[in-house]
Amino acid sequence: MLALLGFLTIFFFLFLIMTKRVSVIVALITVPIVFALIGGFGSEVGKMMLDGVKGVAPTGVMLAFAILYFGVMNDAGMFDPVISRVLKLVKGDPLKIVVGTAVIAMLAHLDGSGASTFLIAIPALLPLYDRLGMSRLVMACVVALGAGTMNVVPWGGPMARAASSLKLEVTEIFSPIIPAVIVGVIWVLAVAYWLGRKERQRLGVVDMVYDYHSELTEEQRRLRRPKLFWFNLLLTVVTITALVFGWLPLPVVFMISLVIALVVNYPNVKEQQERINAQAQGVVLVAAIIFAAGIFTGILSGTKMIDAMAASLVQLIPQEMGGYMPILVALTSMPLSLLFNPDAYYFGVLPVISEAAAAFGVAPMEVARAAVLGQMTTGFPISPLTASTFLLVGLAGVELADHQKFTFGWAFGTTIVMTIVAVMVGAITL
C-alpha cells in the first residue's frame, strides 16, 4: 500500500509539472500532503513537513546568498577585465575566438545561473562572430558546454537539489568530484579548440580588434567598480576556497562574503538595497522551491513511502547489476535532462533510485555525485524543459533542434569523461 501511494505521489507530481498544470512549488507542497492524508497520516503530516523544511534550510539559505553574492560581483564588473582581455587576445582568429568563448562562458557561469551566463556571453560575442562570418551554432554549442560543465558548482541548482533531496551536505557530494569537474573543463576547452580549428580552416584569420566595453549599456557602466577588481577577485577566491575546504558552514560563507562585497563596492545604503532588489526575483524563486522540496521529501521520508518504493524496485533489479547503479545513473543523467526538468528528477526520481541503490550497499552520496555529472548540468543548455535554453537559442539566433543536434554528442561526451574520472578517483565506485 505504501509503495503504491509513493509511486502515485511521484506520478502525479511529474504529471502536474511536466504538463504545466500547476507551478513546481504548488506541486511539491500539495501532492504529498494529499497522498499522506489518503494514507492516514493526517495527525503526523505537520511534523513531517517541518522536519523536511529544517533538513533543507541550510541549502536554501546558502543558495539564496550565493545568488546575491555573484549578482553583486557581476554588477561590479569582476568578470569584465577577463572578458575584455580574452576578446583582445583572440583578435580575428576563429580558433582563439571559440576557445575564448569557452573561457568566458565558464567564468560567467560562476554564479550558477544559466540565464545570466547567456546574457553576459552571447551579446558580448555575437557581433564578433557575425563580423567574421563564424557559425552561430558553434558559439551556442561552446557556451552551452562551458555553462553546463560549470553548473556542477556547489551553489548551482542541481547540486542544491541533490543535497536537499537526499539530505546530504553539498561538500560531501562536490569535493570528491572536483578532479572530474577539472577534467570536464579541460574537455570543454579541447572541444572548443577542435571546433575553432575547423572554423579557422573554413574562414581563415582576419586582422581586427573588438571592443567589449562598447557593448555595455549606460546603466551597466554606472554599476561597474573597475578599481575594486583585485579586491573582488581575491574575495571570490577566498570564498570558493572556504567552500571547498569547509572552513565555515556554506551558508555562513556566502552571508559574510555578500556583506563584505556590498559594503566595499556599494557603501551607499540605497545602492545596497538596489543591488539586493535586482537579484530578488531569482533568490525568492529558488529559495521557495528548495523549501517546498523539503516538504515533499519530508513527507515521503516520514511516511516511509520512499522505503517501500525502493523495496519494490530492488526486487526488479538483478543482483549482479545492483553495484553498477551509480554508473548507470551517471551515464543516463545527461540524456534524461531532455525528459525530466531538474525538480522532477532530483525530487521525484533520485530519492527512489537512491533508496533502491542502498539495498545493494551503494551510498546515497555516490548516487548524488553520479546524477550531478549530467542531469541538468551538462544537459541543461539543450533541454527544452529549462527556460534558459530558449534564452540561449533566442540570443544566438539558432533553432532549438539544430542546437540540440549539434551539441548533444559533445555534451554527452563531457558527462562520459567526467564519469570515467569520477570512477578513477573513487568518487563513484564499481
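The values are calculated or read from the model by the stated rules, or taken from the named source; none is laboratory data. As the structure is a prediction and not an experimental result, all values here were calculated from the model. Positions of Cβ are backbone-derived with ideal geometry, glycine not excepted, and every protein chain shown enters the neighbour counts. Each accessible area value is taken on the protein alone, full model and side chains, heavy atoms only, with ligands, DNA and RNA left out. Shrake-Rupley method; radii C 1.70, N 1.55, O 1.52, S 1.80 Å.
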Original post:
Looking only at region 208-244, which residues are at pLDDT 80 or above, within 11 Å of Gly77 (Cβ to Cβ) and of a type in the set (S, T, N, Q)?
Top reply: Asn232
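Residues are listed down the side, and each one gets a yes or a no for (1) surrounded by fewer than 16 Cβ atoms within 10 Å (Cβ to Cβ); (2) within 22 Å of the chain's Cα centre (by Cα); (3) among the hydrophobic types (A, V, I, L, M, F, W, C):
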residue: Met255; (1), (2), (3): no, yes, yes
residue: Tyr266; (1), (2), (3): no, no, no
residue: Phe296; (1), (2), (3): no, yes, yes
residue: Leu300; (1), (2), (3): no, no, yes
Subject >> Members of region 176-202 that are surrounded by fewer than 17 Cβ atoms within 10 Å (Cβ to Cβ) and either closer than 20 Å to Ile428 by Cβ or of a type in the set (S, T, N, Q) (or both) >> reply: Ile178, Pro179, Ile182, Ile186, Gln201
Original post:
Within the group Leu137, Leu125, Leu166, which residue is within 27 Å of Ala427 (Cα to Cα) and touching a residue at least 24 places away in the same chain (Cβ under 8 Å)?
Top reply: Leu166
Subject >> Positions within region 388-398 being under 19 Å from Pro335 (Cα atoms) and open to solvent by 50 Å² or more (accessible area, probe 1.4 Å), in sequence order >> reply: Phe390
**OP:** Among the candidates Ala357, Ala344, Ala363, single out the residue that is surrounded by fewer than 24 Cβ atoms within 10 Å (Cβ to Cβ) and without any contact (Cβ under 8 Å) to a residue 60 or more places away in the chain.
**Re:** Ala363
**OP:** Please work out which residue is farthest from the chain's Cα centre (by Cα), limiting yourself to region 405-419 and to residues that are in contact (Cβ under 8 Å) with a residue 60 or more places away in the chain and open to solvent by 50 Å² or more (accessible area, probe 1.4 Å).
**Re:** Phe406
Original post:
When you go through (1) in contact (Cβ under 8 Å) with a residue 40 or more places away in the chain; (2) surrounded by fewer than 22 Cβ atoms within 10 Å (Cβ to Cβ) one by one for Ile38, which number turns out not to apply?
Top reply: (1)
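When you scan region 106-143, how many residues do you find that are farther than 30 Å from Thr297 by Cβ, assigned to a helix (DSSP H, G or I) and not acidic (Asp, Glu)?
25
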Original post:
Quick one: which of Ala124, Ala108 is among the small types (Gly, Ala, Ser) and surrounded by fewer than 24 Cβ atoms within 10 Å (Cβ to Cβ)?
Top reply: Ala124
Original post:
Would you call Lys270 farther than 30 Å from Lys96 by Cβ, basic (Lys, Arg) and at pLDDT 85 or above?
Top reply: yes
Subject >> region 103-119, residues that are in contact (Cβ under 8 Å) with a residue 60 or more places away in the chain, touching a Phe, Trp or Tyr at 6+ places or on another chain (Cβ under 8 Å) and either more than 19 Å from Gly148 (Cβ to Cβ) or of a type outside the set (A, V, I, L, M) (or both) >> reply: Ser113, Gly114
**OP:** Would you mention how many residues in region 381-395 are assigned to a helix (DSSP H, G or I) and at pLDDT below 85?
**Re:** 10
Original post:
For Gly100, all conditions in the list (1) over 25 Å from the mean Cα position of the chain (by Cα); (2) farther than 30 Å from Tyr266 by Cα; (3) without any contact (Cβ under 8 Å) to a residue 40 or more places away in the chain hold save one; what is the number of the exception?
Top reply: (1)
Original post:
Within region 79-93, which residues are touching a Phe, Trp or Tyr at 6+ places or on another chain (Cβ under 9 Å) and at pLDDT 80 or above?
Top reply: none
**OP:** Give Val82, Val72 a once-over and let me know the one that is assigned to a helix (DSSP H, G or I), touching a Leu at 6+ places or on another chain (Cβ under 9 Å), open to solvent by 20 Å² or more (accessible area, probe 1.4 Å) and not aromatic (Phe, Trp, Tyr).
**Re:** Val82
